[in-house]
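Just below is one structure, and these are the notes that go with it.
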Amino acid sequence: MQRLIPARGYAAAPMAAGQHLTVINTFGQQVIDFWAFNRYDLSEYMSMHHTHAALLKIIPAVGDTLVTTRRQPIMTIVEDTTPGIHDTLMPSCDRYRYQQLGCSEYHLNCKDNLEMALDDLGLRREV
């Protein structure tokens with residue numbers, strides 16, 4: 001299934017072990033925030049802090065396995081055609097970041113997009 005996600009949009013889908021996900025950035029420099037959760041326990045999720053320690057580097061590459069908060073493998077990068085470097089240090093944006101930047105009105109953000117995506121799947125968690 002293909003799905004076009006507009007800028008500031010979101011999508012969520014359950015996946016099983018062995019499935020592949022392809023993310024194609026069709027709009028050039030657009031940032032894509034990405035999460036992965038243990039479908040049976042949402043308190044376990046992909047963690048860049050734990051992945052840095054497992055990989056002994058901060059920039060993942062093809063062949064690298066990303067791990068969870070419990071240091072369990074959750075994803076492996078099998079192909080990467082992006083010309084850029086994946087930022088694994090900057091946290092995803094949220095309403096507080098936009099407030100710090102001087103935005104006084106509500107602005108769509110990655111944290112709220114995550115919560116709406118989980119809602120679409122009927123899932124709830126504290127983020």
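The values are calculated or read from the model by the stated rules, or taken from the named source; none is laboratory data. A quick note: this is a predicted structure, and the numbers were derived from the prediction, not measured. Note: ideal-geometry Cβ built from the backbone for every residue, glycine included; neighbour counts use all protein chains shown. To get the accessible areas, we keep the full protein, side chains included, count just its heavy atoms, and leave off ligands, DNA and RNA. Shrake-Rupley method; radii C 1.70, N 1.55, O 1.52, S 1.80 Å.
Key figures for this structure:
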{"read-out": "Extreme residue, most open to solvent (accessible area, probe 1.4 Å), among residues of segment 80-111 that are acidic (Asp, Glu) and over 15 Å from the mean Cα position of the chain (by Cα)", "value": "GLU105"}
{"read-out": "Residue identified as at pLDDT below 95, open to solvent by less than 90 Å² (accessible area, probe 1.4 Å) and of a type in the set (Val, Ile, Thr) among VAL23, VAL67, VAL31", "value": "VAL23"}
{"read-out": "Residue among LEU42, LEU55 that is out of contact with any Cys (no Cβ under 7 Å at 6 or more places or on another chain), at negative phi, open to solvent by less than 60 Å² (accessible area, probe 1.4 Å) and touching a residue at least 40 places away in the same chain (Cβ under 8 Å)", "value": "LEU42"}
{"read-out": "Residue check for ILE5: aliphatic (A, V, I, L, M), modelled with pLDDT under 90 and under 23 Å from GLU115 (Cβ atoms)", "value": "yes"}
{"read-out": "Segment 4-25 residues that are in contact (Cβ under 8 Å) with a residue 40 or more places away in the chain, paired with ones that are outside any loop (DSSP other than H, G, I, E, B) and of a type in the set (A, V, I, L, M, F, W, C) (beta carbon under 8 Å, 6 or more apart)", "value": "TYR10/LEU114; TYR10/MET116; TYR10/ALA117; ALA11/ALA117; ALA12/ALA117; ALA12/LEU118"}
